[in-house]
Amino acid sequence: MPLHPVYGHEALRARLVGTLKAHKLPPALLLLGPPGVGKQRLGLWLAAGLLCESGPGEPCGTCHSCRLVDSLQHPDVHWSFPVARPKGDESKQVEEAEETLGEAIAARRENPLYGRPDGLHALFLPLVRLLHRQAMMRPVMGRVKVFLVGDAERLVPQASSQEAANAMLKVLEEPPPDTHFILTTTDSAALLPTIRSRLVPLRVRRLPSADVARFLREVPTPAVAAEEAEHRAEAALGSIGDALEQREDAGDVAAAAERLLEAARRGPAARYRYALGVKSFGARSDFTETLGAAAELLRDDLAQRLRGAAGGHTHAEVPAERLVDAIRELDRAKGWARGNVNPQLIVAHLTRALGELGL
Amino acid sequence: MTARRIAILSDAVANRIAAGEVVERPASVVKELLENAVDAGASAVAVEIEAGGKTLVRVADDGEGMGREDALLALDRHATSKIRSADDLVGVATFGFRGEALPSIAAVSRFELETASAGEAVGTRIAAAGGAVTALEDRVRQPGTTVTVRALFFNTPARRKFLRSTRSEVRACTEVVTTLALARPDLGLTLLADGHAVVEALPAGSLADRAAQLFGQQLAATLLPVDHASGSVTVRGLVQRPAEAAASGRMAYLFVNGRPFRDPFLVRAAERGYRATVPPGVRPSLVLRLEVPAGDVDVNVHPAKLEVRFRDRYAVEAAVEAAVHEALGPLAASAPYSAGSAMPWEHRAVAPPASAGLARDLFGAAGGDDAAPSEGEAPAPEGAAAEPPIHASELRVLAQLHQTYLLVEAPDGLLIVDQHSAHERILYERAMRTLTEGAAGGQKLLFPLTITLAPAELEAVEANGDLLGQLGYEAEPFGGSALIVHATPAPHARFDAERCLREVVADLAGGRFGGLHNRVERFASTFACRAAIKAGQPLTTAEMNELVQRLMAAELPAHDVHGRPTIVQLPLLELHRRFGRR
Amino acid sequence: MKFTITREKLQEGLLRVGPSIPAKTTLPVLSNILIEAKKDGLHLSGTDLDIAVATTVAAEVDEEGAITLPAKKLTEIARELPASPVRVTSAGEQRAQVECGKSKFRLLGLPRDEFPSFPHVKFDTPWRIAAKDLHKLISHVAFATSTEESRPILNGVLWDLRKDRMRMVATNGHRLAKMDVPLAEEGGAAQAELIVPPKALEQIRRLFAPDDLVEIAKSENHLGFRSEGTQVFTRLIEGPYPNYEQVIPRENDKFATVDKIAMASALRRMSIVASDQTHRIRLSFGGGTLKFSVQTPDLGEAQDEMAVTYEGDALEIGFNAAYLLEILKYMPTDEVRFTFKAPERATTAEPVGWDDAASYMCLVMPLRLVD
């Protein structure tokens, strides 16, 4: 099944078509934006635009090259994204990574709508090695070859060394001449500064709700009914991914966030009990999600408060400034969670801080 | 303005906390102050004592400090930042919840508290004598708290009279610091006794590293990691390899949810985990860290807080036993079932390490209270140490398992060798020799390598340039952040010189082997770890043979530089027994 | 598409193309062979994206057309067919029927359109060389490539094509091999410096018999080889290749001529004790003798010596014995001439009295000696 078309981002695409036509697309780009707005899809679109047989520009969508890109079969478009940690012999990990990635891409070829990467998936060293291997060869068909690296913030340390990120840096430091790198991330702060400094950042914004709704009506099978699409698009805040992912457990996330806030309110024992109940390792993405949800709940309250309405999750007498402080605390905690801080410690600290704010 | 962190406990709460004197000797002062420091979120704590703490105890931390109001409250009995109501007492997860610590100490000493919280330009200094505040003033200082306790018990002559010898008090303080150091490997801790550094522990990456800092590499190398969970109980830590356990000088450290405690029954449960792998009377050392749900343990039993009460003691004991047994798994299967059964292979250095120096002292201290070495003088294990050592040529490499382990036939059984650990050990010893006795020539490169490094890494290169050079790296700075390499060592055919250099430099910059005091040791360990062949590397028969030969020629073949075993042994006798031939 | 072909011709074509088809691939179409029936015969092509092989075999084509079919299955079928003409008919974009005698197969393939475009290499002004000269270049040089992934460029062989000669260079950064072969007839558009992956060289050795005359041409990203009806294309490695000419010593002023066999056996003896994985040995030249010595801390030591013709000041120099042995192995003559400058400078080795139009040299960097 060919990829769905790109939805939205018209202004950005128009700009990019201009640079493509002028042969001025920077060889190393960072597409930076919230999750689910179509950064990697945009990256593939750019790849098609670079390789289109009618010359760099808006991809025609009909030439051999464009069709191969759209069916994820173009030999000069190398798409990598987080996968499971390779398990096999070190000497064969690159082959293993190639295979894992190949299977994942084959699955996307079947169904181009994919979810967020699993919490344990990452861009491990063998994937970057594979990229090196491919980068060292001249293109197969096209004028250039394109490397699209999704979720680049997942270039994580392995065995306590930044091998994967360093290897990525190495190829960015000495890029082969006919090569384009497009990295995408939701969190540029999580990239090594040395990597970040070699990339030209491009901000990919949230989509208008109308685009998200249109996507929901047109792309998934079965299609989402118009009314439901409107509703979900509204809640997804311009992220197609979020709209697609709105799922049964959305309530669970909110409930988890409520429990966190409740624990903070109840006092030290409840807080520590709650903290000890948090897994001290693994499942970080769930954990950050909970923190994010809590922040969003408080943002709701804050909005209410500023509108002069009471209610929400916090006591009416908590002033708006405190809410702002609390949201800031949650954001800080999220930062730590993304680093390597023990979630239990984060929660212990966070709940105390929130408790002191008197929520 | 800083938020007030300290609240006065209501009488009801204060009464719920078991009554009793907290301060009985300098070590208890050290303990209380350390715990306060930890609770304040300190990342490094320096302890200084004089005359065993009788004349001076000073604890300085870089924690969050206190505002003035809090500092004054801290001297108020039953003021604590950690508890507000009696409900909160169940499941306390910080150390020093007892509000009385500071006031109790201040009441019997000349006391001084300096503190500043982050973001405050000016901190506070409070001085007190016998509990009465004598000075309160501004003091500019780094965020954190320093408590100085002089002339302990100056106003309680009886107490003062009962203090033990300076040596004994030093040992008790050392024990307190050591215990905390084990509870929190991530914490930087130093103990200075009369100007001598007794404990010097930089933040360590793991409990094993911390154990190496505290007890020495040699002893730490005899410890095996424990990691086990049954039900809601998690047990992690280190236990001694059965073959290296001795009849005396054991150490036993237990922690529950990060809090140290004593419990002879749990120690015995751990010993049961050894089953028959140790002869009677031999007492293996152990550090066990238990995690149980906060509601399942009551830590408020005794004022010294060394006793705890488990809601389900049986489950905890069973978990500890299972954890130890699991940790010993591979060895328990291979160790002799009765004393005297020959191991397939013995090496002079595999005998229990000769305890020496500081490590010995620490063990003595650790065993002092509960190890009771009085169960009769148990004979030292009669391993095969007395038998003539087997020559390496009597070993035959059979196969490589999962491209990670080598299977080696020995005259009296089977050896399983971890290829990475083994190579690491060989390279470590060779690197140490090269670094201490001379230098190795590097392979000159046709085309020099250019490597870009982070500033901290460049610093590490500068700081270790001499050692890098001795090992065969010929490198010079090149422009701002690059290094140009003209020659590299070539320790083996599968060596990736550039990757190894990058990793070594990153490790050095990141302090990965920071636990090793000696710079040369630290460097050699790093190099050995990064240069050694990895698990998963297929090897030719010739390479396997050479690896085993060289391992057997090593000084300490049985352990790698992290203290993991390089060899697991399966005696023939054991095989016979298992197959019912004997 | 409709054609008839003898079983032998079909098998021949499949065998030529087969090895270029990857056993495992992430692009399903690459496990297929591209079959194009044209007026001039049957064109078979396969690729793993790095190497592409195309061959033409005689066939009776009734209807032109193209399809891709699973290479492995097709090869197995061709092997088991009776010795009768084979008739292949396509049905739609991705189905084909194979008939031979009473056997009949229906195979499911993939549309031709999914097959990546084949390299566009124009053979209008090619270089021409005898395949045996190609084989010579490859066998004396390719051994020196690096097998490590840390410097991908060194995994390739530098192929320097001029109007009148071909040069091949390979190195792993410690030692280097270089050979020049003059071209019998001038050719080639101009000069080109290309980096070729060694696995392409294997295919060339396999596909071209020593007596074939091979045409070589290049495009932007590929190098093509052609002889008779068979073409091989290889993707090139990104350059630039390190400046090897700069490291070839010109000022070496010490010369040793040695007997290859005697030196190799001495080196092998020394290697027993140097079995240390660095293979470090020490060579001392002076006064008509070459002394070998080895010292390995936990193993022991050994000495040996042999007579050599040596000009220049006495010299002590360290080497990885494995590199020296390897170079000696590829030297085409019994006598080898080494040149030196100093213990930390590059050493060269060349054949003495080689009866060949080609010229050959190897270079090796010493191991620093420390006392």
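Bear in mind these aren't lab numbers, they're just calculated from the coordinates by the rules spelled out. Worth saying up front: this structure is predicted, and the values here are computed from it rather than measured. A quick note on method: Cβ atoms are made from the backbone with ideal geometry, for glycine too, and the neighbour counts reach across all protein chains shown.
Radius of gyration over Kirkwood radius for the range C:211-297, both on Cα atoms: the Rg/Rh ratio is 1.22. Per-residue 3J(HN,Hα) values for the range A:291-297, derived from phi via the Karplus relation 6.51 cos²θ - 1.76 cosθ + 1.60 with θ = phi - 60°, read 4, x, 5, 4, 4, 5, 4 Hz in sequence order (x marks Gly and Pro).
3J(HN,Hα) along the range A:345-359, derived from phi through the Karplus expression 6.51 cos²θ - 1.76 cosθ + 1.60 where θ = phi - 60°, amounts to 5, 4, 5, 4, 5, 4, 5, 5, 4, 5, x, 5, 6, x, 5 Hz, with x in place of Gly and Pro.
Computed over chain C, the per-residue total of -39500 (n - 2.57) for DSSP H runs of n ≥ 4 gives a 222 nm mean residue ellipticity of -5500 deg cm²/dmol, rounded to 500.
Shielding value for C:113-123 is 3, the average number of Cβ atoms from other chains within 10 Å of each residue's Cβ. Legend: ranking of residues A:209, B:43 from fewest to most surrounding C-beta atoms inside 10 Å; resulting order B:43, A:209. Pairs from the table (A:87/A:145; A:21/A:92; C:163/C:199) lying more than 31 angstrom apart at Cα are A:21/A:92.
Ranked for footprinting exposure by Cβ neighbours inside 10 Å, fewest first, B:405, A:114 give A:114, B:405.
Might you report the magnitude of the Cβ-based charge dipole of the range C:248-364 about its Cα centre, with Lys and Arg at +1 and Asp and Glu at -1, to the nearest 20 debye?
Values: 12 positive and 18 negative charges, 36 e Å.
I would put it at about 180 debye.
Which aspartates and glutamates, on any chain, are close to residue B:54 with Cα under 19 Å apart, when same-chain ones fewer than 8 places away are left out? Within the straight-line limit of under 19 Å, residue B:54 reaches these aspartates and glutamates: B:21, B:24, B:32, B:112, B:169, B:175, B:194.
Taking the mean number of other Cβ atoms within 10 Å as a proxy for protection, how do you rank A:180-187, C:324-331, A:223-230 from highest to lowest? Numbers along the way, then the final one.
Working: A:180-187: 23.9, C:324-331: 19.1, A:223-230: 14.5.
Descending mean neighbour count gives A:180-187, C:324-331, A:223-230.
Report, to the nearest 10°, how far helix C:321-330 tilts away from the longest principal axis of the Cα atoms in chain C, using its own Cα long axis and a range of 0 to 90°. It works out to around 60 degrees. So for chain A: antiparallel DSSP bridges make up what percent, rounded to the nearest 5? Around 10 percent antiparallel, to the nearest 5.
Which ordering of B:526, C:145 is given by a fewest-first count of other beta-carbon atoms within 10 Å?
Working: B:526 26, C:145 20.
By the 10 Å Cβ count, ascending, the order reads C:145, B:526.
Placing a label point 7 Å from the Cα of residue C:220 along the Cα-to-Cβ direction, the residues of the range A:170-199 with a backbone N closer than 13 Å are A:177-180.
Of the cross-linked pairs C:24/C:73; C:38/C:218; B:444/C:136, which ones have a Cα-Cα span greater than 23 Å in the structure shown? Before the final figure, lay out the partial values.
Numbers: C:24/C:73 14 Å; C:38/C:218 25 Å; B:444/C:136 29 Å.
As for pairs spanning more than 23 Å Cα to Cα, those are C:38/C:218; B:444/C:136.
Counting only aspartates and glutamates at least 8 places from residue C:104 when in the same chain, those with an alpha carbon closer than 16 Å to its own are C:76, C:80.
What base-10 log of the normalised intensity I(q)/I(0) is obtained for chain C from the Debye formula, alpha carbons as equal point scatterers, at q = 0.07, 0.09, 0.12, 0.15 Å⁻¹? Listed by q, the Debye log ratios stand at -0.43, -0.64, -0.91, -1.18.
Working from Cα positions, state the angle (0 to 90°, nearest 10) between the long axis of helix A:226-235 and the longest principal axis of chain A. The helix A:226-235 is inclined about 70 degrees to chain A. Legend: calculated FRET efficiency, residue C:80 to residue C:113, from the Cβ-Cβ distance at R0 = 25 Å, rounded to 0.05, equals 0.25.
The shape of the range C:248-364 can be summarised by an equivalent ellipsoid whose semi-axes, obtained from the alpha carbon gyration tensor, come to 23, 16, 13 Å from longest to shortest.
How big, on average over all directions, is the shadow cast by the Cα convex hull of the range C:2-114, in nm²? Walk me through the numbers before you get to the answer.
Numbers: hull surface 24.7 nm².
Convex hull of Cα atoms, orientation-averaged projection: 6.2 nm².
When each of the peptides B:29-36, B:172-179, B:566-573 is scored by how many other beta carbons lie within 10 Å of its residues on average, the order from highest to lowest is B:29-36, B:172-179, B:566-573. The angle separating the long axis of helix C:131-141 from the principal Cα axis of greatest extent in chain C is about 40 degrees.
Taking a temperature of 10 °C and a viscosity of 1.306 mPa s, what whole-number D in µm²/s does Stokes-Einstein yield for the range A:10-205 with Rh from Kirkwood over alpha carbon pairs? If you can, show how the numbers build up before the last one.
Details: Rh = 16.8 Å.
Stokes-Einstein gives a translational diffusion coefficient of 94 µm²/s.
In this structure, the amide hydrogen of residue C:183, modeled 1.01 Å from its nitrogen in the peptide plane, lies closer than 5 angstrom to those of C:165, C:166, counting only residues at least 5 positions away or on a different chain. Mark the label point 7 Å from the Cα of residue C:326 along Cα→Cβ and return the residues of the range C:139-176 whose backbone N is within less than 11 Å of it. Within reach of a label on residue C:326, which here means backbone N under 11 Å from a point 7 Å along Cα→Cβ, the range C:139-176 contributes C:142-148, C:171-176.
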